[in-house]
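The values are calculated or read from the model by the stated rules, or taken from the named source; none is laboratory data. What you are looking at is a predicted structure, and each value in this text was computed from that prediction instead of being measured. As a convention, Cβ positions derive from the backbone with ideal geometry for all residues, glycine included, and neighbour counts pool all protein chains shown.
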Amino acid sequence: MQAFIKKHSPFITGILSGFDRLVFRGFLSSLNYKGGMHAYLSKTDVSFNEFSKHVQMVTSKVKEGATQCAEKYKRPLVYLPSSETSKEELAKSIMKRDGIKKGLICVLTAVEPCTSVDLHRNRQEKKVELVFRRRKCLHVLLDSIIIASRKDF
C-alpha cells in the first residue's frame, strides 16, 4: 500500500483507513452514446456487417473470464433467474456461509433490463445506423470484499 501511496501521492488529498467492504461500480461511458460507439467500432476496425459477430465474441469473452475467475478462486458462479433477487443479500449470505473475510465472494450472472446498442436499417435515409434500445442483457457481477488494516497504510 505504501508503494501505491508514494506513486500516486500528487493525486492523493487524504487517506481513510479501517475495516470495510469496498464496492466499485462503473460503466464504459464512452460507449453510452452514438459517437462513442462509432469511435469504438472505428478504432477496433469493426464494420456494421461484423457488428453482431463482434458483440457476441465480446460477450463470450466476458462470460468466459467470469467463469475462469470463479473457478480460479473456487467460488460459486450463480445464475439468478430473476432480476428481483437482491444480489447484495445473496453475496452477504454466501460470504457468511463460507466464512469469507477477503477476496472474491462469488460471481453472479443475471439477465436484466438495460439499454443496448443495435443496428437499425433507416429506409428513409437508406442507411444502416446505430440505435439504443431497451432490452434484456446479461449482467456479470464479481462480488468481492477487500479488507485493509491500519498496518497496510
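Of note:
- Looking only at residues in region 68-87 that are outside any loop (DSSP other than H, G, I, E, B) and touching a residue at least 24 places away in the same chain (Cβ under 8 Å), the one that is surrounded by the fewest Cβ atoms within 10 Å (Cβ to Cβ) is Y79.
- Taken as a whole, region 15-34 holds at least one residue that is at pLDDT 80 or above and either part of a loop (DSSP other than H, G, I, E, B) or within 25 Å of E112 (Cβ to Cβ) (or both).
- Top-ranked residue of region 74-104 - restricted to ones that are over 30 Å from R134 (Cβ atoms) and aliphatic (A, V, I, L, M), ranked as nearest to the chain's Cα centre (by Cα): L104
- Here K151 passes the criteria (1) loosely packed, with under 11 Cβ neighbours inside 10 Å; (2) charged (D, E, K, R); (3) assigned to a helix (DSSP H, G or I); (4) at pLDDT 90 or above except the one numbered (4).
- Filter result (within 30 Å of T85 (Cβ to Cβ) and either modelled with pLDDT under 85 or more than 26 Å from the chain's Cα centre (by Cα) (or both)) within region 117-136: none
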